Amino acid sequence: MPKSETVDRTADTAAQTILANPALCGETAFDRHDEQGKRCPFGDQGVCCRICDMGPCRVYLPAGRGAKRGICGATPATIAARHLIRQVAAGVAAHSDHGHDIVKTLLATAEGKAQGFSIKNPDRLVALAKEWGLKTDSRPINDIAKELAVAGLNEFNQQEGEIRYPALRAPKPTVENWRRLGLIPVGVEHEIVETLHRTHEGVDADYKNLIMHGLRTSLADGWAGAMLATDFGDALFGTPQPVRSQVNLGVLKKDEVNIVVHGHEPTLSEMVVAASRDPELLKLAREKGAQGILVGGICCTANEILMRQGAPVVGNFLHQELAVATGAVDVMLVDVQCIMPALVEHSARFHTKVITTSKKARIPGATHLQFDEHTALDTAKEIVKLAIENFPNRRHVDIPTDKTDLVAGFTVQNTFTHLGGRYRATFRPLNDGIIAGRLRGVAAVIGCNTVRKTQDKSHLAMVRELIANDVLVVMTGCAATACAKAGLLQPEAAAQYAGKGLQEICEAVGIPPVLHFGSCVDNSRILVALCEMINEGGLGEKLSDLPIAGAAPEAMCEKAVAIGFYCVASGAFVNYSPAMRVLGSTEVTKFLTEDLEELVGGKFSFEDDPVKAAGAMIAHMNKKRAALKLKPMMYSAS
Ligand code: SF4
Ligand code: MSK
């Protein structure tokens, strides 16, 4: 396949190089997508119900196909809403189980039972304990950590009351509105269980009631499961600081042992990075003919070790098979989420060993080395050793040269310092920039890659359009990696792509026009940043007053649905593409894209064209600016 024919599949030049040589690369997700052919429109539009075994029932499509109701009488709206909030619950479960494991690792560390772990940022831990109302004076750090971890575990299985972050962090009017609507979760597991019950055959048939519970369930992700993963992760593994690194397949080294960590959880990958610096293992690598050991990442594990260790990023979701196809990956180490089962068969064409590490995520044919925080360092060393021993087995190695510099590692805490200077940490310059019309607002562009759209293309087009219109962009996940590959996460990108107002802010503060906030669970950092903007003053009283918007331009998984839901529930306008599977119900579509705004201040749009979607986000920010009576934009159209 000539390289020019790969441009429909990917906008990434390194990926194009690999895909242009199918004889070497072998089958990938792009081929399997083509093999699937045209999708069944009932499933695609959310009106195929398989909740009970009388079905599947395929119900009425706007095109006039299918039965009017399911066998039990469920309408298209009921069916679409039920299946959608089941996706929300699955997404919330994924983020929250990840958060749960981090809290458990903090507890094991505090009890001295987690091998190789220590509390890397005790100041952050103490700040969190104080925020949670725990006593911190004259107490050993491990005592505080233990009490905090036990309180953290309670957020997951609490059966009465409210999760604690909304009242602690969100603006009061937002919290009051959530309470009025009954949207504050009791506990993470409570809401997930209730979603599964409500959507069981013969329970909740009211699509509005179902969607509202979907919003409540999603808030248990953004304001509990994911927020705990971020906060406790920062205390345990260290809070990120702005860091320079590199991204794309070209970071792989021909003359070094390459270990690619893939998935989501930072616990094992942190240890693998530590083990890769072990003098004994480095010596062994040299004995096997390698010059060193490189640990790079794919997907959100990449973002975790990038943010905290400056480790290079090999790629985003659709790069997982392409990285193996370089012939230079000695071990592909996977934990949970976004791992294609096809990796094992694909890797068999090369010399790569796929190692699964979670009891929750095994793949037939992979080597399984069970990760346990009690023996984490030993397991990490064993994995590094396996990679070293596999280095001499390489066959044909062909690594694309593409790699790009980036700056990552932004957090609410250090963005404060950046914006205000070391001695006056504050969001004031950001708010002032928006109030004065230098900046239009802030957009969060997040989420995955999907073979249903050209890899990275929508992320790039949307983000370029936003920054050209003086919108500061914050990113996480594979979206951030997409823009990093194109150079948008460098301070120099401001001069090249940003509008004049955003350029002035970036130059004054020394930041790129696109800020990398971390992994998918770190979208919680964005929620906290929005709370700080309200606290700083001048931009309204509730989150939905802010000139902000969100987007997932290449959404792929249930976690993205959950994130979209909690952003909308928190008051944001969110463009989600490809559209959620609800278009077969005009009522559900209208409720999500219009009616929700009255209730929670946020709503969805399902525009597939990224530039038009950016236009809708900009129009929403303009509407909020007008409501706040802010000055006209200084340099771009208001
Ligand atoms: Fe059909 Fe109703 Fe069963 Fe769904 S729950 S499969 S619509 S009978
Ligand atoms: S890894 S959830 S493909 S962003 Fe978080 Fe990327 Fe989406 Fe997985």
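The values are calculated or read from the model by the stated rules, or taken from the named source; none is laboratory data. Just so we're clear, the structure is a prediction, and the values are computed from it rather than from any experiment. Cβ: placed from backbone, ideal geometry, glycine included. Neighbour counts: every protein chain shown. Accessible surface is based on the protein model in full, side chains and every heavy atom, while ligands, DNA and RNA are left aside. Shrake-Rupley method; radii C 1.70, N 1.55, O 1.52, S 1.80 Å.
At-a-glance table
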read-out: Accessible area per residue in Å² at 1.4 Å probe, computed on the chain; value: 36 Å²
read-out: Carbon/sulfur fraction of accessible area - the chain, other protein chains in place, 1.4 Å, %; value: 50 percent
read-out: Relative contact order (%) - the chain, alpha-carbon pairs under 8 angstrom, separation at least six; value: 17 percent
read-out: Rounded to 5, the percent of DSSP beta bridges in the chain classed as antiparallel; value: 15 percent
read-out: Phi-based couplings in Hz for the stretch 201-217 (Karplus 6.51, -1.76, 1.60; Gly and Pro marked x); value: 3, x, 10, 7, 10, 8, 4, 5, 4, 5, 5, 4, 5, x, 5, 4, 4
read-out: For SER605, residues with placed amide H under 5 Å, excluding near neighbours; value: VAL574, ASN575, TYR576
read-out: Largest-first ordering by accessible area, 1.4 Å probe, given options TYR576, TYR60, TYR497; value: TYR60, TYR497, TYR576
read-out: Positive-end residue, the stretch 1-110 charge dipole about Cα centroid, Cβ charges, pick of ALA20, GLY46, GLY66; value: GLY66
read-out: Computed accessible area, ARG216, all protein chains, 1.4 angstrom probe, square angstrom; value: 40 Å²
read-out: Distant-in-sequence amide H partners of ASN258 (H built 1.01 Å from N, under 5 Å); value: LEU294, ASP330, VAL331
read-out: Order of exposure, largest accessible area first, which applies to ILE383, ILE363 with probe 1.4 Å; value: ILE363, ILE383
read-out: Calculated from backbone phi, Karplus (6.51, -1.76, 1.60) coupling profile of the stretch 481-489 in Hz, x at Gly/Pro; value: 5, 4, 6, 4, 4, 8, x, 7, 9
read-out: Distant-in-sequence amide H partners of GLY315 (H built 1.01 Å from N, under 5 Å); value: ASN248, GLY297, CYS299
read-out: Relative packing of 629-635, 13-19, 353-359, which averages over residues the other C-beta atoms within 10 Å, highest first; value: 13-19, 353-359, 629-635
read-out: D_trans [Stokes-Einstein, Kirkwood Rh over alpha-carbon pairs] for the chain, 25 °C, 0.890 mPa s, µm² s⁻¹; value: 98 µm²/s
read-out: Against the rule of thumb 2.2 N^0.38 Å, how large the Cα Rg of the stretch 488-638 comes out; value: 1.08
read-out: Cα-based Kirkwood hydrodynamic radius, the stretch 375-419, one decimal, Å; value: 15.1 Å
read-out: Relative contact order computed over the stretch 249-393 (Cα-Cα under 8 Å; 6+ residues apart), in percent; value: 29 percent
read-out: Förster radius 56 Å - calculated FRET efficiency between GLN291 and ASP595, Cβ distance, rounded to 0.05; value: 0.40
read-out: Mean residue ellipticity (222 nm) of the chain, computed from DSSP H runs ≥ 4 via -39,500 (n - 2.57), nearest 500; value: -14000 deg cm²/dmol
read-out: Cβ-derived FRET efficiency at R0 41 Å, GLU35 paired with ARG277, nearest 0.05; value: 0.45
read-out: Given charges at beta-carbon only (K, R positive; D, E negative), |dipole| of the chain in Debye; value: 780 debye
read-out: Packing rank of 591-599, 473-481, where each peptide gets the mean count of other beta carbons within 10 Å, highest leading; value: 473-481, 591-599
read-out: Rounded to whole Hz, the Karplus (6.51, -1.76, 1.60) HN-Hα couplings of the stretch 139-148, x for glycine and proline; value: 10, x, 4, 5, 5, 4, 4, 5, 5, 5
read-out: Protection-proxy order for peptides 310-317, 147-154, 526-533, each taking the mean of Cβ atoms within 10 Å per residue, highest first; value: 310-317, 526-533, 147-154
read-out: Pairs beyond 31 Å (Cα-Cα), from LYS254/LYS381; LYS3/LYS385; LYS172/LYS603; LYS104/LYS353; LYS104/LYS485; value: LYS3/LYS385; LYS104/LYS485
